[in-house]
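Here the structure is laid out as structure tokens; the discussion comes afterwards.
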Amino acid sequence: MIIAPLLLTVSLGAAPVAKSRPLDVVRYTLNLRLEDDGSFTNGVTIALKPTAAMKQLELDAFHLAVSAVKVDGEAAEFKTRDDDAKGVGTLTITPKKPLAPGKEASVEIACAGKASTAQEGFFTVTDPDDAKALPSYFTDFEPTHAQRLFPCNDDPADKAITEVHAIVDGRYTVLSNGKKVKDEAFADAGKNLRRVHWAMEQPQSTYLVALAIGVFEGVEASPDLPATVWVAPGKKDRAYIAVDVLKPLFNIEGALAGAKYPFGKLDVVAVPRFYQSGMENTSLIFVRESTLLVDHRNEQTARPRIVGILAHEIAHQWFGNLVTCKSWSELWLNEGFATWLGAAGMVDQLDAEYVNVWRAATALSESFEQDSGPHARALVSKGELATEDTFDDVAYMKGAAVLRMLEHWITTPELKKVMKAYLEKYAFGVATSDDFFKVLFDTTKKEKELRSFKDSWLTKKGTPVIYPSVSYGGGKATLTIRQQPSVAGEKGPWVFKLPVVLHRELEPTFTKEVTVLVDKPEVTLSVDVPGAPQWVNWNKDFMALVQVNAPTVPEEQWVDAARHDPDPTWRLLAVLTLAGELISDEPKAETKPTDAAMGALMDVLQKDPSPWVREAVLNRLAETRFKVLPKELGPVLFALSKRPEGLNEDPAGYIMVRRAAMGALGRSGHEDGQKYLLDELSKKEIDINLLGGFATGVSRIGNAAALTTLRSAMLTQKGRGGIYFRRTAAALSAFPSADIVPVMKDALKAAAGDDELSTRVVGGIFHNPTLARSKEWAELVRDVAIDAEFGREEVAAEMLWSLSQVKTPEVKDALTQVAEKGSNERFRTLAKRTLAVNFPAPPVEKAKKK
């Protein structure tokens, strides 16, 4: 799954502990009938084998009206219990005869329910572009929502064969996992209906069972796979990028995984207003429609977005679906592995520079902060967070980084052998981190060498912070690397290989690359070079997931690196270091960079050949906590907003730099630039590529004129259509003043039931520290978490997470109230955990002995 924003969570639930019920489900057979009003009946037959004698059988079932239960053909007593605070329930069955261990039993359950408008379990959505269209129905079962459609053992560790029989309105198409066995039209009581039978003969976890019921048109992407992209009528022409990249992504990822694609087909369905960016259901991927499809024929930035989502969800077919994490505490085996493999697909379809800068920018602006804050955790969770809250940057980005570091350590061909052996050994089953590393050790014969790597990266919170230095004498450069943990209290060194490149442009010119094994608190290495290095790249290609302590590197080396290093990720880190207080979340004062640092920053903005480096730097400048950026930046930002010069040939990069420059221009105080933004956003016919940039730029101006213009633009763009309105509304949370809070509240109320729009309205708060620290924002978060008035709980969860780095009295008061009165257990737990870390109670003084 990819969530938007990625670092966030999924839904309500309890800590990620396996249920360990003494049973093994062999098969689920669903007989679903869907009525016109979204209500359904479901006759469920479960074939299971007890692993111990059972007088009672417990299954998961939430908000299902169970009317009858039979066990081995005999009526059985039953009772249901729903825990609304946790979003889970149980069905307890007492058969007439105890179930014998090892003997297969048949459980028949008749139940009923209704499709939800909240996108959990079985839900319904409407097409935002066609009010007359029939509603569509989809499932979203991850992590524990299958129990909202059928009673089951809703645990990733229990994989079973599934069959779905569905009776629906005759106008609908029905899609599910596996192979379609039957699809026939018939009439009943004067209604034209359709009866469809799908069979998934390979076992899968319950969270991967999927249904899509709607009026769809299919676009064949690859007849030899086969693969089909399914969209609403009239939207086939917007699927051309998805169709174009589906097969090559599938091929490159399958080659790197080293295992044959395990399922017979691969369908991709565009889901209107989907809260998730994507969901990897077995052989039936769901992707948010506005993410998968090209909004407009002239849209230049769609390809990176579409490649990114498909690369990740296709990768899950091997990592997560073929082999599944045994418990949610080891989610990185799904999400980290898919992020790592998906990046290989992105490199193939985009380029390595784009992917490497994306990795580095994400770590520098998001991952390091989260992984050092109140919700920091080890890669293998220890139950400190609810299941849904393990869907975070630790599972995705840190998990992928661990595999990338392994790949660098043992080489790509060796890791491919490891992955092939891992997938073959645990195919159609479940695995743990120990299982994976056992395969790694057995395949590479390097257990002694890699054991300490495993122990440090699986068990420690945070990441290593390195303090590098270099000295020169006698024809040798001496590299010294000292490390400390980013999270206080973590013991022992991290173990990793660090690619280091020494550079000198002056005579004698040289470039010297070495790899340093860092396995102690401090390591030293001597390198033969003909002169003193001019600067050092301490982490080429951002290969190791480490933070660099900037003050240990002299400013002149950062300046040279920003201007001259061939590695775009090191140029990015160098220029962000030189920006200093301009991009600090906690600036000590509005202190400008030095003249040398400002000169390098200006050079990178105007001359760096990588659009991705420029975009990342501009985005960070736009998030400044200064009242306005230094005035000398204004003309540069204005020029970049209109026409960037000196970029490599990439139309998407050109547009992204312009848009990012507009956001920073809004914080510049440049009068002509701000007038340009206000004038352009006041127009009706704004280029789809630039609309979001103009809206964000105006929002970041943060004054009364900007607020008036932004509100007017939302009305104007709403008249043009949903794609234009969403891009304008997404700028609300960039406004650097609490004056925007009432507007956001109204927008959230209006968007109730439209999960995609709601998350766009609040998503930018993570890059707006000024607004996140306001009293008004804290009060809005409190009210939403307590009253739950805006529909899906995920919106409130995102808002709660935005307070995790804020340590003001107002936030403390808001979190205290949520901890006491939050509308569900998850919100209360999140608030308590943040309070405990950010606002610890003072130590109790021990009474003095008399």
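Axis angle, to the nearest 10 degrees, between helix 611-622 and the longest C-alpha principal axis of the chain: 90 degrees.
Could you work out [θ]222 nm for the chain from helices alone, using -39500 (n - 2.57) per DSSP H run of at least four and dividing by all its residues? Round to the nearest 500 deg cm²/dmol.
Details: 26 runs with 310 residues, N = 850.
About -11500 deg cm²/dmol.
Rolling a 1.4 Å probe over the protein heavy atoms gives segment 340-482 an accessible area of 33 Å² per residue.
Model label sites at residue 447 and residue 708, defined 7 Å from Cα along the beta-carbon direction, differ in position by 7.4 nm.
Across the accessible surface of the chain, with the other protein chains kept in place and a 1.4 Å probe, carbon and sulfur atoms take up 51 percent. Taking a point 7 Å out from the Cα of residue 130 in the direction of its Cβ, the residues of segment 149-172 whose backbone N falls within less than 13 Å of it are 171-172.
What FRET efficiency would be calculated for the residue pair residue 750, residue 90, taking the C-beta separation as r and a Förster radius of 45 Å, to the nearest 0.05? Write out the running numbers ahead of the final one.
Working: r = 37 Å, r/R0 = 0.82.
Once the sixth-power term is evaluated, E becomes 0.75.
Treating r as the C-beta distance of residue 217 and residue 648 and R0 as 25 Å, the FRET efficiency rounds to 0.10. Report the normalised scattering of segment 122-230 as log10 I(q)/I(0) at q = 0.24 Å⁻¹, calculated by the Debye formula with identical scatterers on the alpha carbons. One equal scatterer on each Cα of segment 122-230 leads to -1.37.
Note on residue 505 and residue 351: the model spin-label points, each 7 Å out from Cα along the C-beta direction, lie 2.0 nm apart. Compactness of segment 712-753, taken as the C-alpha radius of gyration over 2.2 N^0.38 Å, stands at 1.14.
Rounded, prolate or oblate: which one fits segment 166-298, using the alpha carbon gyration tensor with axes a ≥ b ≥ c (rounded when a/c is under 1.5, else prolate when a/b beats b/c, else oblate)? Display every interim value, and only then the final one.
On the way: a/c = 1.94, a/b = 1.26, b/c = 1.54.
Here segment 166-298 falls in the oblate category.
Here the spin labels are modelled as points 7 Å beyond Cα on the Cα-Cβ line, and at residue 775 and residue 68 they lie 6.3 nm apart. From largest to smallest, the equivalent ellipsoid semi-axes obtained for segment 467-520 from the alpha-carbon gyration tensor read 28, 11, 10 Å.
On the principal axes of its alpha carbon atoms, segment 719-818 extends 43, 25, 18 Å, with the longest extent given first. Sparse packing (at most 15 other Cβ atoms within 10 Å of the Cβ) combined with a DSSP loop state is found for the following trypsin sites (Lys or Arg not before Pro) in segment 417-462: 445, 446. Here are a few candidate values for Rg and Dmax of the Cα atoms in Å: (i) 27.5, 95; (ii) 36.7, 134; (iii) 34.2, 111. Which one was actually calculated from the structure I just gave you? Read-out taken from this structure: (i). Considering only 378, 564, 574, and ranking their Cα positions along the charge dipole of the chain that arises from unit charges at the beta-carbon of Lys, Arg, Asp and Glu, the one farthest toward the positive end is 378. Working note: Cα gyration tensor of segment 54-181, eigenvalues times five, square-rooted, sorted largest first, giving semi-axes of 30, 17, 14 Å. For segment 32-120, taking Cα atoms only, Rg and Dmax work out to 14.3, 43 Å respectively. When the surface is traced with a 1.4 Å probe over the full set of protein chains, residue 724 keeps roughly 30 Å² accessible. Its alpha carbons give segment 242-394 an Rg and a Dmax of 15.8, 48 Å. Give me the accessible area per residue for segment 493-574, probe 1.4 Å, as a whole number in Å². I get 39 Å² per residue for this part.
Taking the longest Cα principal axis of the chain as reference, the axis of helix 568-579 is set at about 60 degrees.
Computed over segment 550-601, the P(r) curve from all C-alpha pair distances, binned at 5 Å from the origin, holds 4, 23, 31, 25, 12, 4, 1 percent per bin. Annotation: segment 365-467 has a Kirkwood hydrodynamic radius of 14.8 angstrom, from the mean reciprocal C-alpha pair distance. Other residues with beta-carbon under 10 Å from the beta-carbon of residue 458 carry, at +1 per Lys or Arg and -1 per Asp or Glu, a net charge of -1. The residues of segment 104-183 expose, per residue, 32 Å² of accessible area to a 1.4 Å probe.
The lysines whose alpha-carbon is closer than 16 Å to the alpha-carbon of residue 812, local same-chain residues fewer than 8 away aside, are 775, 821, 832. Going 7 Å from the Cα of residue 189 in the Cα-to-Cβ direction, what parts of segment 17-57 have a backbone nitrogen less than 11 Å from that spot? Inside the label zone: 35-36. Heavy-atom accessible area, probed at 1.4 angstrom with all protein chains present, ranks 504, 563, 826 as 563, 504, 826, highest first. For residue 591 and residue 428, the FRET efficiency from 1/(1 + (r/R0)^6), where r spans their Cβ atoms and R0 equals 45 Å, is about 0.15.
For segment 432-479, what does the alpha-carbon gyration tensor say about shape, rounded, prolate or oblate, given a ≥ b ≥ c as the root eigenvalues, a/c under 1.5 as rounded, and a/b over b/c as prolate?
On the way: a/c = 6.24, a/b = 1.99, b/c = 3.14.
It is oblate, given that a/c is not under 1.5 and a/b is not larger than b/c.
Excluding residue 486 itself, calculate the net charge of residues whose Cβ lies under 12 Å from the Cβ of residue 486, where each Lys or Arg counts +1 and each Asp or Glu counts -1. All intermediate terms of the calculation are to be shown ahead of the outcome.
On the way: positive: 398, 460, 461; negative: 369, 371, 490.
Net charge in that neighbourhood comes out at 0.
Positive contributions from Lys and Arg (+1) and negative ones from Asp and Glu (-1), summed over other residues with Cβ under 13 Å from the Cβ of residue 506, come out at -3. Evaluated at q = 0.13, 0.18, 0.22 Å⁻¹, the base-10 log of the normalised Debye intensity for segment 574-674, with identical point scatterers placed on the Cα atoms, takes the values -0.39, -0.76, -1.13.
The values are calculated or read from the model by the stated rules, or taken from the named source; none is laboratory data. For clarity, every value in this text was computed on a predicted model and none was experimentally measured. With ideal geometry, Cβ positions are generated from the backbone for all residues, glycine too; neighbour counts draw on all protein chains shown. Keep in mind that these areas ignore ligands, DNA and RNA; they rest on the heavy atoms of the full protein, side chains included. Shrake-Rupley method; radii C 1.70, N 1.55, O 1.52, S 1.80 Å.
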